[in-house]
Each structure stands twice: as C-alpha cells, then as structure tokens.
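The values are calculated or read from the model by the stated rules, or taken from the named source; none is laboratory data. The shown structure was predicted, so the numbers you read here are calculated from the model rather than taken from an experiment. Cβ sites come from the backbone with ideal geometry, for glycine too, and all protein chains shown count toward neighbours. Quick note on the areas: whole protein, heavy atoms, side chains included, nothing else; ligands and nucleic acids left out. Shrake-Rupley method; radii C 1.70, N 1.55, O 1.52, S 1.80 Å.
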Amino acid sequence: LGDHGPRRSFVLARPPGHHASRTGVPDEGGEGDFAEGGCYYNSVAVAAAAAQQDGVDRIAIVDFDVHHGNGTQEIFESDPSVLVISLHADLRYPGTGAIEEVGEGAGAGFNVNIMWEGSADWPPHYADYAVAVKLVVLPILQAFRPGLLLIS
C-alpha cells in the first residue's frame, strides 16, 4: 500500500477467520482459546493491521456470513480508525452481534451489527439484503470514507 501500492486491488482469500480473536474464549481451565468456530487466523484483521502500519488511516471491514464475526469485532471494538459492519443471522452462534454492540471507548459508534432474526431467514431475501446495504451500509461507509475497504 502506501505511496507505491495500487489504488484499487482485489484479493480473494477464504476463510477470513472472523471468529479468531486476541483474547479468545476461556476454556475450562480459564485459559483463552484464540481459535473459535474453525478460525485460527483472522486474515482480515491481519490485513487491516498491516494497512494501519502502512499508513492507512481509516479502514472499513464489511463482514457477511450466517455467523457474526465476533473475533473481528473484538479485535477492533475500541479502535475508531477501523469501522466494522457485520450482516449476520441470529445470536445462536457465537452469541454476539446484537445491535447494541457498537464498540467500546474511543471505538464506540464504529461497530455496526445488522442481524436477521432466526436462522431460517438466512440468507435473507435479496431485496432485504439490498435494502440493508443501500439504506444502512453504504451511507455509513460514505460518511466514514475509508482508505481501505475489506470484505469478509
């Protein structure tokens, strides 16, 4: 990135690792297990952190999946330079992603959760998804004006 990198690029990488976090879920012994939901490495979070080190001052991550990207949210929830928007089904797994989870401290307001109630509603009808993107996601992205957009 920086002054010598591309202005636009596309990288197709799966999985994004959106359940892998910094602190992890405590196991029976009280130790954190950073790997969760089959995700051992949060490639989207690593890409965002690398971009920050390279001088990108505003990064947006848009995550869409049946499950909430709890690891990505946890990693950036107090960082106002990273906007995380998650479109997902209900709270059954991993139990996070409620609309009230908006970030913490300086990052409050930079985490947006759009949840479809009930797993039977996933994937949402195309029209519902289009409305959510048009009326919620795009206006927030336009206001934030990210230097880098990552799709997870």
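Quick notes on this one:
- If you go through segment 74-106 and pick out every residue that is without any contact (Cβ under 8 Å) to a residue 40 or more places away in the chain and under 18 Å from Gln52 (Cα atoms), you end up with 9.
- When Glu36 is tested against (1) touching a strand residue (DSSP E or B) at 6+ places or on another chain (Cβ under 8 Å); (2) modelled with pLDDT of 75 or more, only condition (2) is not met.
- Pairs linking a residue in segment 123-152 that is closer than 21 Å to Ala48 by Cβ and among the aliphatic types (A, V, I, L, M) to a residue that is modelled with pLDDT under 90 and open to solvent by 80 Å² or more (accessible area, probe 1.4 Å), with Cβ atoms under 8 Å and 6 or more positions apart or on different chains, are Leu148/Leu1; Ile151/Phe64.
- Residue match in segment 1-10 (condition: assigned to a helix (DSSP H, G or I) and either at pLDDT below 95 or surrounded by 18 or more Cβ atoms within 10 Å (Cβ to Cβ) (or both)): no
- Restricting attention to segment 99-152, the residues being surrounded by 14 or more Cβ atoms within 10 Å (Cβ to Cβ), in a helix (DSSP H, G or I), small (Gly, Ala, Ser) and modelled with pLDDT of 95 or more number 1.
- Among the conditions (1) in a loop (DSSP other than H, G, I, E, B); (2) among the hydroxyl-bearing types (Ser, Thr, Tyr); (3) open to solvent by less than 40 Å² (accessible area, probe 1.4 Å), the only one that Thr72 does not satisfy is (1).
This table checks each residue for (1) buried (at least 19 other Cβ atoms within 10 Å of the Cβ); (2) at pLDDT below 85; (3) over 13 Å from the mean Cα position of the chain (by Cα); (4) not in a loop (DSSP other than H, G, I, E, B).
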| residue | (1), (2), (3), (4) |
| --- | --- |
| Leu12 | no, yes, yes, no |
| His19 | yes, yes, no, no |
| Arg22 | no, yes, yes, no |
| Val44 | yes, no, no, yes |
| Asp63 | yes, no, no, yes |
| His68 | yes, no, no, no |
| Ser86 | yes, no, no, yes |
| Leu91 | no, yes, yes, no |
| Gly97 | yes, no, no, no |
